[in-house]
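Step one of this worksheet: look at the structure below.
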Amino acid sequence: LAVNGDVVDALSFVCHQDASASRGRAVARKLKEVLDRQQFEIVLQAKVGAKILARERIAPYRKDVLIKSGKVVGGGDATRKRKLLEKQKQGKARAKKVGKVNLSQDAFWSVMARD
């Protein structure tokens, strides 16, 4: 299983090739339910070698940067709004590069527990 492109060896398992897609999809789905949302997007991928079997996406939080002190910024000024949203997009991109996803012990065991 890969989290944001980084392979997590602790979440790896051995199974038959026929069952690998369904098991990988189930583990990715369960991990999606357990992990908390972050300021950046988290991509979970179940893979066998280079082949991706399942993909789940955890959406990022979105802070409304157009509201300052309870008032909407911009009124009729579209350039100000665009500047604020562009600045937010750059910050999100930087957070995705630097940000690491921490897998807690509880999350790990809830994923590893078989139902």
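The values are calculated or read from the model by the stated rules, or taken from the named source; none is laboratory data. From a predicted model like this one, the values you see are computed outputs, not experimental measurements. Cβ atoms come from the backbone with ideal geometry, glycine included; neighbour counts cover every protein chain shown. Heavy atoms of the whole protein, side chains included, go into the accessibility calculation; ligands, DNA and RNA do not. Shrake-Rupley method; radii C 1.70, N 1.55, O 1.52, S 1.80 Å.
Sort through Lys63, Lys32 and tell me the only one that's open to solvent by 50 Å² or more (accessible area, probe 1.4 Å), farther than 22 Å from Gln105 by Cβ and of a type in the set (D, E, K, R). Spell out how you get there, then give the answer.
Values: Lys32 fails: farther than 22 Å from Gln105 by Cβ.
Lys63 is the lone residue from the list that is open to solvent by 50 Å² or more (accessible area, probe 1.4 Å), farther than 22 Å from Gln105 by Cβ and of a type in the set (D, E, K, R).
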_Testing Arg80 on (1) within 21 Å of the chain's Cα centre (by Cα); (2) surrounded by 11 or more Cβ atoms within 10 Å (Cβ to Cβ), one condition comes back false. Which one is that?_
(1)
*Filter segment 1-29 for residues that are in a strand (DSSP E or B) and open to solvent by 80 Å² or more (accessible area, probe 1.4 Å) and give the result.*
Asp6, Val7
